[in-house]
Amino acid sequence: MNEPGPPSVIAEETSIQIHPSAVVDPRAELDYGVVVGPGAVIGPEVQIGAKSWIGPHVVLDGRVIMGKNNRVFPGACLGMEPQDLKYRGAATEVVIGDNNTIRECVTINRATYEGEQTKIGDLNLLMAYCHLGHNCELGNGIVMSNGIQVAGHVVIEDRAVIGGCLGIHQFVHVGTLAMVGGMTRVDRDVPPYCLVEGHPGRLRGLNKVGLRRNGFDKNIDGQFQQLQEIWSLLFRSEHVVAKSLELAKKETLMPAANNLCNFVQASIQKGRRGLMPVNSGSG
């Protein structure tokens, strides 16, 4: 009789691998190809999507629903109770999409009130020692550098890039393709496509490098040129922002400029944090 050969690559990719020193509650749901490293702790309400890697000494607690192909590095703690004095034990969640990289010692807290979520989309990179507070919402393709502390109810839109060693005030919105420089104090909304830097933070202009890297080219469809014109109207003209918005809306706006106007209009409404002030030397 032939001796059994080594397991096939397919079998290795589809099996679930749990290190003997990991503590995984039998009620947790692990999809095929999940790897759980030594010393990891996974609670009973956790769901982990296919081919995700849970590194050494990671803690997944509470209701954590994670998609496929995620990588969670050593020491990260996801789904813990919110650091919110209003929390009274409600059944809340952390929901994470696909293809995210969550580096060492990242903490992501679940939401505060019954039925609420802290939500993260797809293809995000959260570098070491980032913290996401309760009820935060991240889009897709975001890069957050080391040591970013994000308070509760913050919204960060797609493809934003956040520099390291900074704090983001609760209820702040950061727009798509925005760039926030390292060590900036972010206490108000950051409009999409814009560059913010300083302590206190100031709006410096458009995120031209980020826009170019993401396909905005004024020689092709004119979006970049119009975006620059609308930015100047909103933030560098003699008009107040509300009047500038009124003038901008009279034009035929392409998607980027229209998105910028809609964000600014929402940001100046009652109940929002308002916009980052403009640096007096911005162009």
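Among Gly75, Gly198, Leu233, flag the residue with its Cα farthest along the positive direction of the charge dipole of the chain, charges on Cβ as +1 for Lys/Arg and -1 for Asp/Glu.
Leu233
How big is the charge dipole of segment 146-253 about its Cα centre, in debye rounded to the nearest 20, if each Lys and Arg gets +1 on its Cβ and each Asp and Glu gets -1 on its Cβ? The partial results should precede the final answer.
Values: 13 positive and 11 negative charges, 42 e Å.
Using Cβ point charges on Lys, Arg, Asp and Glu, segment 146-253 gives about 200 debye.
Just want to confirm a number: the relative contact order over the chain, from Cα pairs under 8 angstrom separated by 6+ residues, in percent. Walk me through the numbers on the way to the answer.
Numbers: 788 pairs, mean separation 23.3, N = 283.
Relative contact order comes out at 8 percent.
Based on Cβ point charges of +1 for Lys and Arg and -1 for Asp and Glu, what charge dipole magnitude is obtained for the chain about its Cα centre, in debye rounded to the nearest 20?
1160
Hey, what did segment 211-267 get for relative contact order, percent, Cα under 8 Å, at least 6 apart?
Averaging sequence separation for qualifying contacts and normalising by length gives 30 percent for segment 211-267.
Please name which of Gly121, Val174, Asn100 has its Cα lying farthest along the dipole of the chain towards the positive end, using unit charges on Cβ (Lys, Arg +1; Asp, Glu -1) and the Cα centre as origin.
Val174
Mind checking which lysines have their C-alpha under 21 Å from Lys68, skipping anything on the same chain fewer than 8 residues away?
Lys51, Lys119
Could you please rank Asp158, Asp217, placing first whichever residue has the fewest other Cβ atoms within 10 Å of its Cβ? Can you show the working numbers first?
Numbers: Asp158 18, Asp217 12.
Taking fewest neighbouring Cβ atoms as first place, the list is Asp217, Asp158.
Figure the gain on full extension for Cys165 and Gln149 (residue separation times 0.36 nm, minus the Cα-Cα span) and round it to one decimal in nm. Intermediate values should be presented prior to the final figure.
On the way: separation 16, 0.36 × 16 = 5.76 nm, distance 0.78 nm.
Extra length available between Cys165 and Gln149 comes to 5.0 nm.
Greater than 32 Å separation of Cα atoms is the criterion. Which listed pairs, Lys86/Lys208; Lys208/Lys250; Lys86/Lys249, meet it?
Values: Lys86/Lys208 41 Å; Lys208/Lys250 25 Å; Lys86/Lys249 41 Å.
Beyond 32 Å between Cα atoms: Lys86/Lys208; Lys86/Lys249.
So which GluC sites (Glu not before Pro) in segment 75-121 are both in a DSSP loop and have at most 14 other Cβ atoms within 10 Å of their Cβ? Walk me through the numbers before you get to the answer.
Numbers: sites: Glu93, Glu104, Glu114, Glu116; in loops: Glu104, Glu114, Glu116.
Passing both the DSSP loop test and the Cβ count: Glu114.
Just need the relative contact order of segment 9-153 here, percent rounded to a whole number, with Cα pairs under 8 Å and 6+ apart. List each step's numbers first, then the result.
Working: 474 pairs, mean separation 21.3, N = 145.
Reported as a whole number, the value is 15 percent.
Label-point separation (nm) for Ser21 and Ser232, each offset 7 Å from Cα along Cα-to-Cβ?
It is 6.2 nm.
Please give the FRET efficiency for Lys86 paired with Val209, using the beta carbon to beta carbon distance and R0 = 51 Å, rounded to the nearest 0.05. Walk me through the intermediate numbers first.
Values: r = 41 Å, r/R0 = 0.79.
Efficiency for this residue pair is about 0.80.
Considering only Leu245, Tyr32, Gln265, whose Cα is most displaced toward the positive end of the charge dipole of the chain, charges sitting on Cβ of Lys, Arg (+1) and Asp, Glu (-1)?
Leu245
Does segment 20-81 come out rounded, prolate or oblate, given a ≥ b ≥ c as the square roots of the eigenvalues of its C-alpha gyration tensor, rounded meaning a/c under 1.5 and, failing that, prolate meaning a/b above b/c?
Because its axes are fairly even, with a/c under 1.5, segment 20-81 counts as rounded.
Let me make sure I get this right: for the chain, a, b and c are the square roots of the gyration tensor eigenvalues over alpha carbons, sorted descending. Under 1.5 in a/c it's rounded, otherwise prolate if a/b > b/c, else oblate. Which is it?
Details: a/c = 2.72, a/b = 1.93, b/c = 1.41.
Since a/c reaches 1.5 and a/b is larger than b/c, the shape of the chain is classed as prolate.
With +1 on each Lys and Arg Cβ and -1 on each Asp and Glu Cβ, and nothing else charged, work out how big the dipole of segment 1-126 is about its Cα centre, in Debye to the nearest 20.
Details: 10 positive and 16 negative charges, 53 e Å.
In debye, rounded to 20, segment 1-126 gives about 260.
Tell me, what ³J(HN,Hα) does each residue in segment 59-64 have, in order and in whole Hz, if you take phi through Karplus 6.51 cos²θ - 1.76 cosθ + 1.60 with θ = phi - 60° and put x for Gly and Pro?
These are the phi-based 3J(HN,Hα) values: 10, 10, 10, x, 8, 10 Hz.
How many nm separate the modelled label positions at His199 and Ser280, each set 7 Å beyond the Cα in the direction of the Cβ?
2.2
Which of rounded, prolate, oblate describes segment 46-92, given a ≥ b ≥ c as roots of the alpha-carbon gyration tensor eigenvalues and a/c under 1.5 marking rounded, otherwise prolate only if a/b is larger than b/c?
Working: a/c = 3.55, a/b = 1.81, b/c = 1.96.
Judged from the Cα gyration tensor, segment 46-92 comes out oblate (a/c at least 1.5, b/c at or above a/b).
Every read-out reported here was derived from the displayed coordinates using simple, explicitly stated rules and does not represent laboratory data. For clarity, every value in this text was computed on a predicted model and none was experimentally measured. When we count neighbours, we look across all protein chains shown, and the Cβ atoms used for this are built from the backbone with ideal geometry, even at glycine.
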